[in-house]
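Data block below; observations after.
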Amino acid sequence: MAGMKTIKSKNAIWAKMKYDRIAYLLALPYLILFFTFTILPILISIFFSLTDFNSISIRNFIGFENYVRLILNDDIFIIALKNTLIFAAITGPIGYLLCFFFAWAVNEINPKLRAFLTLCFYAPSISGNAYLIWSLLFNGDSYGYVNSLLLKMGIINAPIRFFHDPKYMMTICIVVVLWLSLGTSFLVFIAGFQGIDRTLYESAAVDGIKSRWQELWYITIPSMKPQMMFSAVMSITASFGIGDVISGLVGFPSTQYAVHTIQHHLQDYGGTRFEMGYASAIATILFSIMLGSNLLVNKMLSKAGE
Amino acid sequence: MTHKKLNRSLGGNIFVFTIIGIFAFFMTIPLIYAISNSLKPLNELWIFPPRLIVSNPTLKNFYDLFNLMSASWIPFSRYIFNTLFISICGTGGHVLLASMCAYSISKLRFYGSKIIFRVIVFSLMFSASVTSIPNFLIITKLNLIDNYLSIILPAFAAPLGLYLMKQFMETMIPDTLLEAAKIDGAKEARILFTIVMPIVKPAWLTLIIFSFQSLWNSGSNLFIQSEELKTLNYAISQILAGGIARAGVGSAAVVVMMILPIVVFIFSQSNIVETMSTSGMKE
């Protein structure tokens, strides 16, 4: 009986698929490209990470040797891992909160001024590599804007080499990344705030909500949950993908690996040394960290306030 | 304002507005500095200490950018053309393919569409840096090295656009409307292009803007190796690497680069916000 049932349901599925053939045709072009350039690379990475493929010799299956080497024998990778986590732990949450706070604050303002301020906050993230202007502002000689100000005010005697002195490199990179962080999440929040039903606030005022802060906590945040979850994904993914901005500012590789991230390590082994197997192991680890932290935060957000 | 202002104290207003004001100012300083620098004549660039605002603005840097550069390097206009070409083709294909797929997933709900959408949501959770190395191998296998298709084809299938379009269609297009059209004998493709697409205009405008921005900003990568095929982003980092000596021309290049996305955003802000209103994640 059970066998009959599966055959029957298989036929039903087949019939439905045949009936939906137009739907498949419409979806197919996108899905083929999506598979080729997004899913297939992940599968290739996972597979190659178990080999010693280096684009010269034939590849051998070596199990988890690459991962063992990464964690036990590669000091630079440990630095990169540490830096990546520091960057993500600082720029992710702060960037997220900045998006939330400014979207909320801007929402209180009349529409014309709101549109203008939205532009001011959003502009950096869409201005391409305008962030390289920071390298002029913080230029390492006395013609750098910040250095010249500090020199003139007598705070320092010699210009600070912001992009080459490990003491300052991480801080300056974090500042620039935060400057760039009011992107998609910011717009999502703005839309979220505008979409909240006004009558909720009016009835809440009757029910004894006293300040805008209480309003925010008891009404706004609970009604924005879907937007908060989507923004979190955008912010977290962005906070792990900042390697290019860092390279643009301090060069690659950075002085004493002070701001070396997993992304740079990946670029080093994959793009420069062509050790594809090893690079694939690095990519797989980065992939797992990104996916893992996204899923974790999403789970936490979906539980919050329930 | 039609609604009543509730729970607002003067002190709180002043506090919030002051913070926004200060931050808005600091956010825009680097951009103002770029614009100001791009207008500075050579002698002002070498003033110590450097000034934030230009006193004798000139367009000489822009002139140099477009004319003098052509003598020694690839003409700057070539980089602009390359970038425009990639951006326009990539964006056009992305909007078309993503809309078709989003319609199919959100409204035709074929067998397997739920799981496919889940995979697409997962793909928002990692950035392109993870896939760059295997993508290089794939692009090589497809024989697309030094071909714009190596940038354009992956852009067609950007997951964010599909996600936003699918969410918007799901919320904005009632099933009854599609059923009515089907009873009238309209084919799926026709329904998509004549009924659905006009309704989801804010969404495809948003897709155009997002895709255009990311392609316009696409930098140097392993796929494009010939100098004359490279993009604006690459050219600018090369110019700015020259330091203060090229600060004026470099800033002019930055201004050229940022002006287009910003102007486009000014005109499309309300559409983007409308699209984002349906972008929330349900689970």
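The values are calculated or read from the model by the stated rules, or taken from the named source; none is laboratory data. For clarity, every value in this text was computed on a predicted model and none was experimentally measured. Please note: Cβ atoms are built from the backbone with ideal geometry, for glycine as well, and neighbour counts cover all protein chains shown. Just the protein is used for accessible areas: all its heavy atoms, side chains included, with ligands, DNA and RNA removed. Shrake-Rupley method; radii C 1.70, N 1.55, O 1.52, S 1.80 Å.
Of all residues in region A:229-244, those satisfying the criterion of being touching a helix residue (DSSP H, G or I) at 6+ places or on another chain (Cβ under 6 Å) and of a type outside the set (Phe, Trp, Tyr) are A:Met229, A:Ser231, A:Ala232, A:Val233, A:Met234, A:Ser235, A:Ile236, A:Ser239, A:Gly241, A:Ile242, A:Gly243.
Taking (1) at pLDDT below 95; (2) farther than 30 Å from A:Thr84 by Cα in turn, B:Val95 satisfies each apart from (1).
Could you check region A:254-287 and list, in sequence order, the residues that are more than 21 Å from A:Leu50 (Cβ to Cβ), within 10 Å of chain B (Cβ to nearest Cβ) and part of a loop (DSSP other than H, G, I, E, B)? Matches in region A:254-287: A:Thr261 only. The set of residues in region A:203-222 being surrounded by fewer than 13 Cβ atoms within 10 Å (Cβ to Cβ) and either among the charged types (D, E, K, R) or more than 20 Å from B:Val16 (Cβ to Cβ) (or both) consists of A:Ser203, A:Val206, A:Asp207, A:Gly208, A:Lys210. Scoring B:Glu227 on the criteria (1) open to solvent by 30 Å² or more (accessible area, probe 1.4 Å); (2) within 11 Å of another protein chain (Cβ to nearest Cβ) leaves a single failure, condition (2).
Among the residues in region A:216-233, are any under 28 Å from A:Asn298 (Cβ atoms), at pLDDT below 90 and not in a helix (DSSP H, G or I)? Checking region A:216-233: at least one residue is under 28 Å from A:Asn298 (Cβ atoms), at pLDDT below 90 and not in a helix (DSSP H, G or I).
Taking every residue in region B:197-224 that is free of Cβ contacts under 8 Å to residues at least 40 places away in the same chain and pairing it with any residue that is open to solvent by less than 60 Å² (accessible area, probe 1.4 Å) and acidic (Asp, Glu), at least 6 positions away or on another chain, yields no pair with a Cβ-Cβ distance below 6 Å.
Please determine whether any residue of region A:54-64 is in contact with a Lys or Arg (Cβ under 9 Å, 6 or more places away or on another chain), touching a residue at least 40 places away in the same chain (Cβ under 8 Å) and more than 7 Å from chain B (Cβ to nearest Cβ). Don't jump to the end; show me each part of the working.
Here is the first cut: in region A:54-64, the ones in contact with a Lys or Arg (Cβ under 9 Å, 6 or more places away or on another chain) are A:54.
Narrowing further to those that are touching a residue at least 40 places away in the same chain (Cβ under 8 Å): A:54.
Restricting the remaining residues to those that are more than 7 Å from chain B (Cβ to nearest Cβ) gives A:54.
Checked region A:54-64: at least one residue is in contact with a Lys or Arg (Cβ under 9 Å, 6 or more places away or on another chain), touching a residue at least 40 places away in the same chain (Cβ under 8 Å) and more than 7 Å from chain B (Cβ to nearest Cβ).
Evaluating B:Ile266 against the criteria (1) facing another protein chain (nearest Cβ under 9 Å); (2) without any contact (Cβ under 8 Å) to a residue 12 or more places away in the chain; (3) closer than 30 Å to B:Pro50 by Cβ; (4) buried (at least 17 other Cβ atoms within 10 Å of the Cβ) leaves one unmet condition, (4). Of the residues making up region B:136-150, those that are assigned to a helix (DSSP H, G or I) and open to solvent by 20 Å² or more (accessible area, probe 1.4 Å) number 5.
Scanning region A:228-257 for residues that are small (Gly, Ala, Ser) and open to solvent by 20 Å² or more (accessible area, probe 1.4 Å) gives A:Ala238, A:Gly241, A:Ser247, A:Gly248, A:Gly251. Is it the case that B:Gln238 is polar (S, T, N, Q), open to solvent by 20 Å² or more (accessible area, probe 1.4 Å) and not in a helix (DSSP H, G or I)? Answer is no for this residue. Residues that are within 33 Å of the chain's Cα centre (by Cα) and loosely packed, with under 14 Cβ neighbours inside 10 Å within region B:33-50 comprise just one, B:Leu42. Of note, A:Ile22 satisfies the criterion of being assigned to a helix (DSSP H, G or I) and of a type in the set (A, V, I, L, M).
Here is a yes/no grid of residues against (1) open to solvent by 10 Å² or more (accessible area, probe 1.4 Å); (2) facing chain A (nearest Cβ under 9 Å); (3) at positive phi; (4) in a helix (DSSP H, G or I):
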| site | (1), (2), (3), (4) |
| --- | --- |
| B:Asn82 | no, no, no, yes |
| B:Tyr103 | no, yes, no, yes |
| B:Ser106 | no, no, no, yes |
| B:Tyr111 | yes, yes, no, no |
| B:Arg118 | yes, no, no, yes |
| B:Phe122 | yes, yes, no, yes |
| B:Phe126 | yes, yes, no, no |
